[in-house]
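Scroll down for the structure; my scribbles are underneath it.
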Amino acid sequence: MPLRAKTTKTAVRAARTCGGGCARRAACTPAPAAEGVVDTGAPALRWSVGRSRPRHDRIDSTARLAPVREAGQGDAGTGGAAGRPARPTLKQVAVRAGVSTSTASLAFSGDARVLAATRDRVLAAAAELGYAGPDPLARSLRRGRSRVVGVVVGDRLGYAFADPLAVVQLDALAEEVGALGAGLLLIGGVEDDPARLAVVEQAPLDAVVFATCGGDDDPALDLLLRRRVPVVGVEGPYRDGVHLVDLDNRGAARQVAGHLADLGHAAAAVVALPWGPHRRRGWLEGPRRGLRGYNDAWERLAGTEDVLRAAGGPPLRTWEAAANSREEGEVAARALLCDDGGAPLPAGRRPTAVVAQSDLLAVGVVQAARALGLQVPADLSVTGYDGVETPWLGEDRLTTVRQPAAARGREAGRMVATLLAGGVPAPVHLPVELVVGSTSASPPR
């Protein structure tokens, strides 16, 4: 139904003729400014009468409109459910402050046209009456925005917050989104979890960020694209409609493998990040290895294989971790360095280097190797990926790939801002850097 402006009798009678020769009714007649409101002269909204739009279809920003009733609120003096006191209303606040309901509403929304003294009077009246403000749901419906940005993480939230890289990234993302007056809704769990999909399908979301390498086949992504929710991905998903903050995982893995090859390593092994949404722990081989799972794990393994195969080494033994954690790194190290009975393998039967696809996994490998009586790097070189702080290693510094954790979140937040402003953000490619530490050296002879 067309929006109709409520005008005063004086305004209706004051029909004039504009320079173009058409009749200007209330739509072209300035109405007196509401109490305590600065008249900026800027039109506040478009309107139409009947089925056709008049030639002059704007009303003055200070015209008095019929106040919108807040969801769940009645008129002053109406009671709530039986046995409960009535909830204070915006109309009651306006009466107490001596202003119109529309002015009180503008005061709560932070509208710059409301004079500071008037706003203070409205807020003081609200405090006296115990009025907490307009209903957030009703406000979001009027604005067409929920001020909520969803963040999809590929792990249970407990694992996500145990990852220093993820924490720094989410902190930077929250700062950028907070500057927009919005907040974050974290969405975890496995991809086909019905509860997770229900949130994605039903929650009022202005945009969604896949913060930890979302899978290309994630059903949540299909739901979001069908809803036309703007989507930003950090290292994936690689799908049409997803705006990407990316980095060269394959190239970075080649740098690490090249460093090990230059040191003389040929018998290396890999501890891979989870290969896909249904986590498992064990050797990555057979049909599962042929699948393209999470993009970061696949690209890093491909880059490692590119170099070490060319160096003439044996096929890479690859262990898939069930999560990105130090504990999973320890489990992987025992599988790579011990026989089936748990006894350490002799030097000729174990790898001389372990390429871990994250720093947390690498720390677990180092700790397990030391527990088995091996020296790092004299007996075993270990590399990681991320460039996070590793206090568990004492004075040792991990050989790793440093990626800009804060920039991952910051750039994703800026993309969200561009999308919500109606723009199309350009893809972002972040740099990575090989950092040689004290956990890599030439293999034992």
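The values are calculated or read from the model by the stated rules, or taken from the named source; none is laboratory data. As the structure is a prediction and not an experimental result, all values here were calculated from the model. Note: ideal-geometry Cβ built from the backbone for every residue, glycine included; neighbour counts use all protein chains shown.
The single condition among (1) at pLDDT below 95; (2) within 17 Å of Leu170 (Cβ to Cβ); (3) basic (Lys, Arg) that Arg408 does not meet is (1).
The helices (runs of 4 or more DSSP H) found wholly in the stretch 182-283 and carrying at least 3 residues that are touching a Ser or Thr at 6+ places or on another chain (Cβ under 6 Å) occupy 249-263. When residues in the stretch 151-178 are screened for being hydrophobic (A, V, I, L, M, F, W, C), more than 19 Å from Val229 (Cα to Cα) and touching a residue at least 40 places away in the same chain (Cβ under 8 Å), 7 of them pass. Residues in the stretch 276-290 include none that are modelled with pLDDT of 95 or more and acidic (Asp, Glu). Looking only at the stretch 180-222, residues that are over 12 Å from the mean Cα position of the chain (by Cα), buried (at least 17 other Cβ atoms within 10 Å of the Cβ), at pLDDT 85 or above and of a type outside the set (Val, Ile, Thr) come to 6 in all.
Checked against (1) more than 19 Å from Glu235 (Cβ to Cβ); (2) loosely packed, with under 15 Cβ neighbours inside 10 Å, Glu330 passes all but a single condition, namely (2). Take Ala371 and tell me if it is of a type in the set (A, V, I, L, M) and within 34 Å of the chain's Cα centre (by Cα). Judged against the criteria, Ala371 is not a match. Just one residue in the set Ala417, Ala369, Ala426, Ala406 is of a type in the set (A, V, I, L, M) and within 14 Å of Ala356 (Cα to Cα); that residue is Ala369. Summed over the stretch 256-278, residues that are surrounded by 16 or more Cβ atoms within 10 Å (Cβ to Cβ), touching a residue at least 60 places away in the same chain (Cβ under 8 Å) and over 18 Å from Val376 (Cα atoms) total 5.
With respect to (1) in contact with an Asp or Glu (Cβ under 7 Å, 6 or more places away or on another chain); (2) farther than 18 Å from Arg350 by Cα, the lone exception for Asp306 is condition (1).
Here's the yes/no breakdown for (1) touching a Gly at 6+ places or on another chain (Cβ under 6 Å); (2) on the phi > 0 side of the Ramachandran plot; (3) not assigned by TED's automatic domain parsing to the domain that holds Glu389:
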{"site": "Ala160", "(1), (2), (3)": "no, no, yes"}
{"site": "Leu165", "(1), (2), (3)": "no, no, yes"}
{"site": "Val168", "(1), (2), (3)": "no, no, yes"}
{"site": "Asp171", "(1), (2), (3)": "no, no, yes"}
{"site": "Gly181", "(1), (2), (3)": "no, yes, yes"}
{"site": "Arg196", "(1), (2), (3)": "yes, no, yes"}
{"site": "Val199", "(1), (2), (3)": "no, no, yes"}
{"site": "Gln202", "(1), (2), (3)": "no, no, yes"}
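Going through (1) part of a helix (DSSP H, G or I); (2) closer than 19 Å to Asp386 by Cα; (3) free of Cβ contacts under 8 Å to residues at least 60 places away in the same chain; (4) not aliphatic (A, V, I, L, M) one by one, Arg288 falls short only on (2).
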